[in-house]
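I'd like to ask some things about the structure below.
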Protein chains: 2
Amino acid sequence: MVQYVGVGNVIELVRSTGIETFLLGLVDYIEEDFRRWEQFEKAPRVASHSTSGVIELMPTSDGELYGFKYVNGHPKNPNDGLQTVTAFGVLSDVSTGYPCLVSEMTLMTGLRTAATSALAAKYLARKDARTMAIIGLGAQSEFQALAFHALLGIKKLRVYDIDPAATAKFRDNLADTDIEIVVGETAEDAVSGADIITTVTADKRNATILSDNMVGAGVHINAVGGDCPGKTELQGEILRRADVFVEFPEQTRIEGEIQQMEADFPVTELWQVMTGGAAGRRSDAQITIFDSVGFATEDFSALRYLRDAVQGTSFFTELDLTTQPKDPRNLYGLFRQPAPVAPLAVLEGSFA
Amino acid sequence: MVQYVGVGNVIELVRSTGIETFLLGLVDYIEEDFRRWEQFEKAPRVASHSTSGVIELMPTSDGELYGFKYVNGHPKNPNDGLQTVTAFGVLSDVSTGYPCLVSEMTLMTGLRTAATSALAAKYLARKDARTMAIIGLGAQSEFQALAFHALLGIKKLRVYDIDPAATAKFRDNLADTDIEIVVGETAEDAVSGADIITTVTADKRNATILSDNMVGAGVHINAVGGDCPGKTELQGEILRRADVFVEFPEQTRIEGEIQQMEADFPVTELWQVMTGGAAGRRSDAQITIFDSVGFATEDFSALRYLRDAVQGTSFFTELDLTTQPKDPRNLYGLFRQPAPVAPLAVLEGSFA
């Protein structure tokens with residue numbers, strides 16, 4: 001049997017754990033996997049493009065576990081009340097090839113993206129950073145706020161969104177926390193005086209959410225929204241003044257902010273900062289940028305965390321997604337036995 | 001919600017339909033998709049190799065539906081009571097990117113492989129073919145026997161396996177059919193006088209299951225077992241005497257019997273035979289070979305068939321694999337609502 005963690009169970013698990021505690025646990029798994037970066041098989045995404053969007057498979061493996069995420073991106077979905085991005089993931093045992101976990105990953109992607117941002121900021125933001133600006137208050141914004149609150153103690157937010165309804169949603173969602181929220185009149189107003197700037201807007205275009213004059217010395221920019229070809233948020237000049245840190249350069253040069261720059265624009269890999277192979281922040285005046293696009297290993301970490309987190313709990317069910325006849329050569333024999341009555345019942349001799 | 005068809009439900013569906021009726025329905029879907037071959041996006045498999053085996057993702061799309069199969073191949077699994085190959089698949093709506101069906105595909109792959117073989121033989125075997133030899137009585141053998149029985153009326157089988165236990169299993173599994181089974185003393189004995197020869201052995205090596213002198217004029221060879229690099233069943237000389245038909249040449253030249261031959265060895269694509277663009281069998285004396293390796297479109301057809309077959313039945317359940325908050329930007333809001341009590345309950349506002 002394969003363990004299944006659906007949307008309902010992820011919600012229950014996160015609520016029972018506490019979302020900030022859950023995010024901190026997730027940060028640990030992501031950091032652990034970044035630190036053993038070289039163990040991972042890093043394959044390109046496999047994309048199927050259509051006029052309405054893209055469907056991608058993102059596989060990776062550490063030699064013991066294999067994981068992949070299915071994720072779509074359909075910009076017009078919200079017009080029909082659907083989400084732009086949905087995702088699910090699978091974790092398998094490399095030694096047998098048998099899947100062991102199937103999970104929703106729409107919520108988990110929201111959580112792992114924020115956890116990765118906070119983790120990067122732990123290495124790249126000034127230690128005395130206290131205020132974060134968030135530009136763009138869409139689906140990812142609360143996760144970012146809570147991850148930075150949990151990991152770095154950020155309690156002061158300066159926020160901006162072009163849509164007042166998004167701002168109201170954001171404030172309402174965080175009303176029961178001790179996070180102080182100041183709403184800027186403009187993006188420029190919001191970033192004023194912030195130690196960390198998170199850009200996480202949704203428009204799929206080469207936008208200028210942050211222009212060069214808005215970014216002062218010592219700031220850490222957590223650039224989350226620029227994450228696919230044709231979608232950027234930062235003016236190129238900022239990138240030249242800053243040190244840019246990335247997950248997987250081959251992917252970020254296509255999908256990240258640095259798609260604007262020349263092919264050999266210098267970047268530092270985040271895993272090397274974590275293992276001590278490269279410097280993170282070197283001075284209080286330095287501008288650092290985490291050019292986040294989201295990489296398969298982060299989904300792998302999220303699946304691995306989820307698998308461990310649900311053991312011994314009631315927050316999963318089981319799927320009869322694999323067969324195991326007593327004689328592997330007698331697959332046909334499964335059709336001759338009485339079929340199980342309950343749809344999710346354990347088949348005699350099936351993989352436990 | 002996403003429909004889920006597990007092993008138990010596939011067994012129930014096939015049993016309630018009747019396996020031969022089910023196979024005939026599957027043949028129709030596979031043929032329909034072969035006939036619109038050019039509509040499909042044909043991508044290479046995405047393979048992750050390890051010392052113990054391989055895990056592959058096989059995606060395809062017809063522009064309306066997207067499907068992929070996860071499949072592993074671990075030759076030593078049977079030593080631990082596990083199957084060499086397990087599989088599952090997903091079908092999605094291209095216009096939204098939302099998955100609509102998750103299904104087991106270990107059983108379905110067994111069924112679709114046999115259905116494809118019988119379909120190919122409909123075009124390639126002599127119309128008066130009455131006797132089929134099967135060399136190799138492993139997990140795929142009964143499916144082959146039943147598909148040829150259902151589609152072509154083959155009621156006489158001459159069979160051989162090096163393991164008497166496999167032969168006994170095969171006879172026992174087909175005891176309640178009107179198929180007459182003659183067990184050969186050798187492979188050569190079994191193929192003697194057969195109109196169709198199915199080779200479906202399991203050893204991963206370049207074997208000589210059929211040597212040139214065993215194949216007479218007019219025979220159709222259904223070469224199923226040679227399906228990955230380093231695994232073949234036919235002596236190369238047979239391929240030179242025959243006309244060879246394949247699914248997707250780019251893949252078959254790597255995985256099929258023709259991996260033994262030069263890179264420009266002439267082959268005919270099966271879809272072109274079905275659409276009339278190329279000749280199938282041209283004379284009673286011709287030797288034809290279907291060099292079967294299994295292609296992603298066949299899995300797509302199987303998923304599409306399964307999706308249609310379960311509608312209006314009780315042979316599926318639902319998974320909460322996708323979210324749909326009332327406001328797509330308020331993903332975080334899902335954590336603030338009371339979580340659903342039942343693990344598989346429909347979330348308020350979730351994708352129906």
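The values are calculated or read from the model by the stated rules, or taken from the named source; none is laboratory data. The shown structure was predicted, so the numbers you read here are calculated from the model rather than taken from an experiment. For neighbour counting, all protein chains shown are included, and Cβ atoms are generated from backbone atoms with ideal geometry for every residue, glycine included.
Do we find that B:VAL14 is in a helix (DSSP H, G or I) and modelled with pLDDT of 95 or more in this structure?
Values: in a helix (DSSP H, G or I): yes; modelled with pLDDT of 95 or more: yes.
So B:VAL14 passes the test.
State the number of residues belonging to segment A:279-298 that are in a helix (DSSP H, G or I) and either free of Cβ contacts under 8 Å to residues at least 40 places away in the same chain or under 24 Å from B:GLY6 (Cβ atoms) (or both).
The qualifying residues number 0.
Pick from segment A:70-129 the residues that are surrounded by 20 or more Cβ atoms within 10 Å (Cβ to Cβ) and of a type in the set (D, E, K, R): which of them is nearest to the other protein chains (Cβ to nearest Cβ)?
A:GLU104
Considering only segment B:211-223, state which residues are touching a helix residue (DSSP H, G or I) at 6+ places or on another chain (Cβ under 6 Å) and of a type in the set (A, V, I, L, M).
B:MET214, B:VAL215, B:ALA223
Restricted to segment B:299-333, and to residues that are assigned to a loop (DSSP other than H, G, I, E, B) and of a type in the set (Lys, Arg), which residue is nearest to the other protein chains (Cβ to nearest Cβ)?
B:ARG329
Within segment B:296-323, can you find the residues that are under 21 Å from B:GLN39 (Cα atoms) and buried (at least 23 other Cβ atoms within 10 Å of the Cβ)?
Within segment B:296-323, B:ALA296, B:THR297, B:GLU298, B:ASP299, B:PHE300, B:SER301, B:ALA302, B:LEU303, B:TYR305, B:LEU306 meet the criteria.
State all residues of segment A:144-154 that are part of a loop (DSSP other than H, G, I, E, B) and aliphatic (A, V, I, L, M); if no residue qualifies, say none.
Going through segment A:144-154, the residues part of a loop (DSSP other than H, G, I, E, B) turn out to be A:153-154.
Scanning segment A:144-154 gives a single hit, A:ILE154.
Of the residues in segment A:125-143, how many are in contact (Cβ under 8 Å) with a residue 24 or more places away in the chain and either outside the structural domain of A:THR199 (by TED's automatic domain parsing) or in a loop (DSSP other than H, G, I, E, B) (or both)?
Total meeting the criteria: 10.
Condition check: under 14 Å from the mean Cα position of the chain (by Cα), of a type outside the set (S, T, N, Q) and not assigned by TED's automatic domain parsing to the domain that holds A:GLY216. Does A:LEU146 satisfy that?
No; evaluated as a whole, the condition is false for this residue.
Here is a follow-up. Tell me yes or no: at least one residue of segment B:268-279 is under 19 Å from B:VAL215 (Cα atoms) and modelled with pLDDT of 95 or more.
no
Going by what's in this entry, would B:GLY184 be described as without any contact (Cβ under 8 Å) to a residue 60 or more places away in the chain and more than 29 Å from B:GLY73 (Cα to Cα)?
In short, yes.
Within segment B:1-44, track down each residue that is surrounded by fewer than 18 Cβ atoms within 10 Å (Cβ to Cβ) and within 10 Å of chain A (Cβ to nearest Cβ).
Matches in segment B:1-44: B:ARG15, B:SER16, B:GLU41, B:ALA43, B:PRO44.
Follow-up question, since we're still on this one. Do we have any residue at all in segment A:334-346 that's in a loop (DSSP other than H, G, I, E, B) and either at pLDDT 95 or above or under 22 Å from A:ALA114 (Cβ atoms) (or both)? Even if it seems obvious, please write down each step before you answer.
Pass one, segment A:334-346, residues in a loop (DSSP other than H, G, I, E, B): A:336-346.
Adding the requirement that they be either at pLDDT 95 or above or under 22 Å from A:ALA114 (Cβ atoms) (or both) leaves none.
Checking segment A:334-346: not a single residue is in a loop (DSSP other than H, G, I, E, B) and either at pLDDT 95 or above or under 22 Å from A:ALA114 (Cβ atoms) (or both).
For segment A:167-183, indicate whether the set of residues that are over 30 Å from A:LEU24 (Cβ atoms), more than 17 Å from the chain's Cα centre (by Cα) and loosely packed, with under 15 Cβ neighbours inside 10 Å is non-empty.
no
Kindly provide the set of residues from segment B:235-264 that are of a type in the set (Gly, Ala, Ser) and surrounded by fewer than 24 Cβ atoms within 10 Å (Cβ to Cβ), ordered by number. Can you show your working first?
Taking segment B:235-264 and keeping what is of a type in the set (Gly, Ala, Ser), we get B:236, B:242, B:256, B:263.
Hits for segment B:235-264 are B:GLY236, B:ALA242, B:ALA263.
Quick one: in segment B:47-59, which of the residues that are more than 8 Å from chain A (Cβ to nearest Cβ) and in contact (Cβ under 8 Å) with a residue 12 or more places away in the chain is nearest to A:PRO75 (Cα to Cα)? Break it down stepwise before answering.
Step one: filter segment B:47-59 for residues more than 8 Å from chain A (Cβ to nearest Cβ), giving B:47, B:49, B:51, B:56, B:58.
Next, only the ones that are in contact (Cβ under 8 Å) with a residue 12 or more places away in the chain stay: B:56, B:58.
Numbers: B:GLU56: 29, B:MET58: 25 Å.
Checked segment B:47-59; the qualifying residue nearest to A:PRO75 (Cα to Cα) is B:MET58.
Hey, among the residues in segment B:193-215 that are closer than 28 Å to B:ASP284 by Cβ and free of Cβ contacts under 8 Å to residues at least 40 places away in the same chain, which one's surrounded by the fewest Cβ atoms within 10 Å (Cβ to Cβ)?
So, considering only residues that are closer than 28 Å to B:ASP284 by Cβ and free of Cβ contacts under 8 Å to residues at least 40 places away in the same chain, the one surrounded by the fewest Cβ atoms within 10 Å (Cβ to Cβ) is B:ASN213.
Quick one: A:LEU65 ticks every box in (1) within 11 Å of A:LEU303 (Cβ to Cβ); (2) among the hydrophobic types (A, V, I, L, M, F, W, C); (3) within 7 Å of another protein chain (Cβ to nearest Cβ) except a single one, so which number is it?
Result: A:LEU65 fails condition (3) only.
Right, another one. In segment B:230-257, what count of residues is obtained for those that are touching a helix residue (DSSP H, G or I) at 6+ places or on another chain (Cβ under 6 Å), without any contact (Cβ under 8 Å) to a residue 40 or more places away in the chain and not charged (D, E, K, R)?
3
Looking at B:PHE34, B:PHE40, B:PHE88, which is the one that is in contact with a Leu (Cβ under 9 Å, 6 or more places away or on another chain) and either under 30 Å from B:ALA279 (Cα atoms) or touching a residue at least 40 places away in the same chain (Cβ under 8 Å) (or both)?
Answer to the selection: B:PHE34.
Let me ask you something else. Give the number of residues within segment B:63-101 that are modelled with pLDDT of 95 or more and not in a strand (DSSP E or B).
Residues in segment B:63-101 being modelled with pLDDT of 95 or more and not in a strand (DSSP E or B): 7 in total.
Of the conditions (1) surrounded by 19 or more Cβ atoms within 10 Å (Cβ to Cβ); (2) in contact with a strand residue (DSSP E or B) (Cβ under 9 Å, 6 or more places away or on another chain); (3) at pLDDT 95 or above, A:THR232 satisfies every one except a single condition; which number is it?
Answer for A:THR232: the failing condition is (3).
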